[in-house]
Amino acid sequence: MTAILIAEDEPNLVESLSFILRREGWAVSAVFDGEAVLEELRGDLPDVLVLDVMLPKRNGFDILKTIKTDPRLTAIPVLMLTAKGQERDRKTAEQLGADAFVTKPFSNREVVDSIKRLAGR
Amino acid sequence: MLSANVVLFTALAYVALLFLVAFVSDRRARHGWLGLVRSPVVYTLSISVYCTSWTFYGAVGSAARNGLEFATIYLGPTLVFVGWWFLLRKLVRIGRVHRASSIADLISSRYGKSTSLAVLVTIIAVIGTTPYIALQLKAVTTSFQVVASTTHTDLLGIAESDLDLRTGFWVAAGMAVFTILFGTRNIDANEHHHGVVAAIALEALVKLFALIAVGLYVVFAIGGGIGEVFALPTSDRVLGSEVFGARWVALTFLSATAIICLPRQFQITVVENADEEHLRTAGWLFPLYLFLTCLFTLPIAIIGLATMPPGANPDMFVLTLPMLNGQGALSLLVFIGGFSSATSMVIVASIALSIMVSNHIVMPIALRLPWLAPGVSGDVKSLLLTSRRISIVLILSLGFVYFLFSARSDALASIGLIAFAGVAQFLPCILGGLYWHSASKAGAFAGLLAGFVVWAYTLLLPSFEGGGALPASLFSEGPWGLGLLRPQALFGAEGMDPLVHALFWSLSLNAGLFVLISLVKEQNPLERLQSTLFVDVFRNPADRESRFLHRSAAIDDLFVLAQRVLGAERAYRLFRESARRQGLEEGLPRPSAEFIAQLEREFAGSIGAASARVMISQVVTGETISLDEMMRLVDETQQVIEYSQQLEQKSQQLQMTARQLREANDRLKQLDAQKDDFLSQVSHEVRTPMASIRSFSEILLEARDLEGEQAARFLSIIHDETLRLTRLLDEILDLSHLERGEVAWSLDLVDPERVLDRAVETCRGMAASAGARLTIGTRAGGARVMAHEDRLNQVFINLISNAIKHNSSRRPVITLSSGLVDGRYEVVVQDNGGGVPAAARERIFTKFSRAWTQSRPREGGAGLGLAISRAIARKMQGELELLPDGPAGVGARFRLSLPLAAAAEQPERRAGE
């Protein structure tokens, strides 16, 4: 079963994302800050990581950089979520190696399709 | 007693020697052997052309008649050479740079290369010099008759009526021949008359030697020593006369002026100057020469008066003293010395005048008469030489005529002074031209003309008195019986010395008109340019002219013109050199503006600045237009020089303004970046709740099969997020209002303790649900502050709720206390959390600074709360601060302080609401 890890500090968004991803038949787990993401990744690796940019403690870009420069983690497909919606953020994400990029507020379909694409590779 | 033949033979032999010296020097100079000829000593000796027969014979005569007055004639030039050397240096520099061929040329060139001015100066110079030349003829004639006299009566001095006019004629003719032979060999004044200068220098030595020899003889052989001479009774007569009056000052001034303004002095000092450095030597050597010249004047006068029979002419003492004592050889030497003084003056003066007449009178006429200008190579040159030769003859003839009419009326010295006063009219326009930018042609012309007319009327005319040509009533009663116009008592100025009188009226009128008209009348562009080039000669090289006058011409035309003026050979040489300097291997040079300016200067050296300009203008195009341009440039340049300091100041001001602008710009950029940052934060804060709302509403729209309970939960989330959004927008607007200060609050007299209690009650529910405990510490009683009650409540709630929400303790405890300190009411809200990290302390009062908190936002705080609270506090003249970290176990401590209300304020403020 496809495993999805969500890193997002807004509880309401975690709830909605969990609901729509589970409905697709995927296994969903969630963490609420940057350090917790790396902690989680010490164990089994998810098939897709949904990563918010504005995370407490360590921000999303920081985490993304760590993942993409770590040989063990680099293969994990990462979907970045950002609320600022600025072109600058998209460029930063691409440079750091993000695999997909979604701006809040997103449509549920957009998120699901992106994850499907990432998981199917 | 010497026979006339011996004297004549000696004089002719002496002239032959002068010819030889002049001829050899000219030859050597042409072959480039200039060594001795161009030495500073020769230059200085030639300046002594100032000392004519007037000083040679007349100084003793003057001393015998008027005592020390004779010294003024030496004092003036000494003062100029010692004290005014800077004026001479400027004259010499300008003369060399602008190739001035005469004093008329210099004045004309300074005032816009004016032909009319040159003509006027030439006429004044000729008329002013004529008495002077006559004076020399008279001196030579008299001395010849004395030295060749056969009777004892003649020895006492020739009576005026017995003057042999034929001798005078032959002297004049002989000088004309000599001058023509050596003064008109070439036409470029700047090629210098080396032969003449060498001959003049030799004559200077001869006259000095003769004076010293006769002086020594008279003092020691006749007088028996210096002491004995001044013990003679006549010494009191000579030294006793009162001389230090207006006439003394006027004479000193006149002789100082003469050394600058006399055409022959200009010729020698400026035109014949080969090296500016020579002036340095002349600065001390010439005064020394003058001193030696007058060394024996007083003793000779004293002994002459003592030993000569009564009725002897004191002007001839120098000659008659040795003769009476039977010293034939010494007498002959003295005669030759006097002859030298006279001839050197006549030769140089007639050369200078002939140059002026040919350049400023003949040339301009020739240029206007087409049939006189056939355009043959060298024709201008030959025209000039011919006209110069004729001029010399005419000038000497004029001198001879004056000699005929006036010779029997006056002593030597007074004729000399008439000439001095005549040329002194040049002084205002020369000084003005050298040092005053605004001096204009019209001013110079009017001043010169007026001064000249007054001089001629008050001084020259009376010198003919008694000659029979003029009615005596003119002098005693004035023309047509008008007493006010009597030549020697103008406008009722009676009782003045005639010389002082003439000098006063002529120079006052001259200088007055010169200054007045210069101030009133605008200069034309060329005058402006020349005035800058002259006055600022040490700053402006002459070739700057080419930068202002953008002229062009066909090079062939220029070459033809140059051949006409300079002669074929010199023109070819000049053009070849210029072509080489322009880097051309062969052929003619390019007719650049610079080259045309150079050519004009070359021409000016030959035919004077005014005529040179007219000739060049015949073949040149494009001049008038560029004159305006030149004007602008000259003005600009001058302003740049004069106002450079102001410019520097302005540039400093500009730099300062630029720095201020840069700083303002930096501040604006910073503000702009803050605004961008704020917008980006707002966007983030809005998008987050929007994301939840959109996501849940999509779920609800798509999935109709949701359980009722779940659907209700999703709807309530949407509802909460909507409220959160509303709160956020309210806060942003609220802060914006507070920051812009648009809201005018009416502050009321408020009991802050009551407001604090209300806030605590409001927060109890929130504290309970968070498991936090609110405790009340010490409280202030009876405080009154001026505040907006609801806003104050808002601040308290914000502080308490922050303490609850951001508390990391497992058992959150919030303590509230209040007190009165230094006339202020203070509330401290303290928690037992982890405190604010040091890095975030400065940031927490800025917008959206929630990042410091470790907990997740739950109750929708957008990070604006503290920023709003502080803005509110400041609106009420209060302050909201984060206190420094307290002891362990104590978390963050926020303090709000407000000023206590003054009692008097209470009722009025209430009424204001």
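The values are calculated or read from the model by the stated rules, or taken from the named source; none is laboratory data. Values in this document were obtained by computation on a predicted structure and should not be read as measured data. Note: ideal-geometry Cβ built from the backbone for every residue, glycine included; neighbour counts use all protein chains shown.
Structure summary
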{"item": "Selected residue (only one of B:Val750, B:Val686 is in contact with a His (Cβ under 9 Å, 6 or more places away or on another chain), of a type in the set (A, V, I, L, M, F, W, C) and surrounded by 15 or more Cβ atoms within 10 Å (Cβ to Cβ))", "result": "B:Val750"}
{"item": "Which numbered condition B:Arg810 fails, given (1) free of Cβ contacts under 8 Å to residues at least 40 places away in the same chain; (2) assigned to a helix (DSSP H, G or I)", "result": "(2)"}
{"item": "Residue check for B:Leu474: in a helix (DSSP H, G or I), touching a Gly at 6+ places or on another chain (Cβ under 8 Å) and either at pLDDT 65 or above or aliphatic (A, V, I, L, M) (or both)", "result": "no"}
{"item": "Boolean, A:Asp70 is surrounded by 18 or more Cβ atoms within 10 Å (Cβ to Cβ), of a type outside the set (Val, Ile, Thr), out of contact with any Cys (no Cβ under 9 Å at 6 or more places or on another chain) and over 17 Å from A:Glu8 (Cα atoms)", "result": "no"}
{"item": "Any hit, segment B:277-290, residues being part of a helix (DSSP H, G or I), among the aliphatic types (A, V, I, L, M) and more than 30 Å from B:Ser354 (Cβ to Cβ)", "result": "yes"}
{"item": "Options A:Thr92, A:Thr103; residue that is crowded, with 17+ Cβ neighbours inside 10 Å, more than 16 Å from A:Glu8 (Cα to Cα), within 14 Å of chain B (Cβ to nearest Cβ) and of a type outside the set (Gly, Ala, Ser)", "result": "A:Thr92"}
{"item": "Among the candidates B:Gly311, B:Gly326, residue that is under 26 Å from B:Val7 (Cα atoms), out of contact with any Leu (no Cβ under 9 Å at 6 or more places or on another chain), surrounded by fewer than 23 Cβ atoms within 10 Å (Cβ to Cβ) and in the same structural domain as B:Gly168 (by TED's automatic domain parsing)", "result": "B:Gly326"}
{"item": "Among (1) surrounded by fewer than 20 Cβ atoms within 10 Å (Cβ to Cβ); (2) closer than 21 Å to A:Ala119 by Cα, the one test that A:Ala36 misses", "result": "(2)"}
{"item": "Looking only at segment B:689-723, and only at residues there that are outside any helix (DSSP H, G or I) and of a type in the set (Asp, Glu), the one that is surrounded by the most Cβ atoms within 10 Å (Cβ to Cβ)", "result": "B:Glu707"}
{"item": "Residue in segment B:869-889 that is acidic (Asp, Glu) and at pLDDT 85 or above present", "result": "yes"}
{"item": "Among (1) crowded, with 24+ Cβ neighbours inside 10 Å; (2) touching a His at 6+ places or on another chain (Cβ under 6 Å) - the single one B:Val119 does not satisfy", "result": "(1)"}
{"item": "Any pair with Cβ under 7 angstrom, 6 or more apart, that starts in segment B:120-141 at a residue that is on the phi < 0 side of the Ramachandran plot and part of a helix (DSSP H, G or I) and ends at one that is of a type in the set (D, E, K, R) and surrounded by fewer than 24 Cβ atoms within 10 Å (Cβ to Cβ)", "result": "B:Thr141/B:Asp164"}
{"item": "Residues (small (Gly, Ala, Ser) and either in a strand (DSSP E or B) or free of Cβ contacts under 8 Å to residues at least 24 places away in the same chain (or both)) located in segment B:783-802", "result": "B:Ala787"}
{"item": "Among residues of segment A:82-121, those that are in a loop (DSSP other than H, G, I, E, B) and either more than 14 Å from the chain's Cα centre (by Cα) or closer than 15 Å to B:Met690 by Cβ (or both), counted", "result": "10"}
{"item": "Neighbours by Cβ (under 7 Å, 6+ apart or cross-chain): first from segment B:667-682, within 11 Å of chain A (Cβ to nearest Cβ); second outside any helix (DSSP H, G or I)", "result": "B:Ser680/A:Lys84; B:Ser680/A:Gln86; B:Gln681/B:Lys847; B:Gln681/B:Phe848"}
{"item": "Unmet criterion (only one of (1) of a type outside the set (S, T, N, Q); (2) within 25 Å of B:Arg694 (Cα to Cα); (3) modelled with pLDDT of 90 or more) for A:Asp47", "result": "(2)"}
{"item": "Residue match in segment B:656-665 (condition: away from chain A (no Cβ under 14 Å), out of contact with any strand residue (DSSP E or B) (no Cβ under 8 Å at 6 or more places or on another chain), surrounded by 10 or more Cβ atoms within 10 Å (Cβ to Cβ) and β-branched (Val, Ile, Thr))", "result": "yes"}
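Here is a yes/no grid of residues against (1) more than 14 Å from chain A (Cβ to nearest Cβ); (2) in contact with an Asp or Glu (Cβ under 6 Å, 6 or more places away or on another chain); (3) modelled with pLDDT under 85; (4) within 17 Å of A:Glu15 (Cα to Cα):
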site	(1), (2), (3), (4)
B:His684	no, no, yes, no
B:Arg694	no, no, no, yes
B:Leu701	no, no, no, yes
B:Asp705	no, no, yes, no
B:Leu715	no, no, no, yes
B:Leu729	yes, no, no, no
B:Asp751	yes, no, no, no
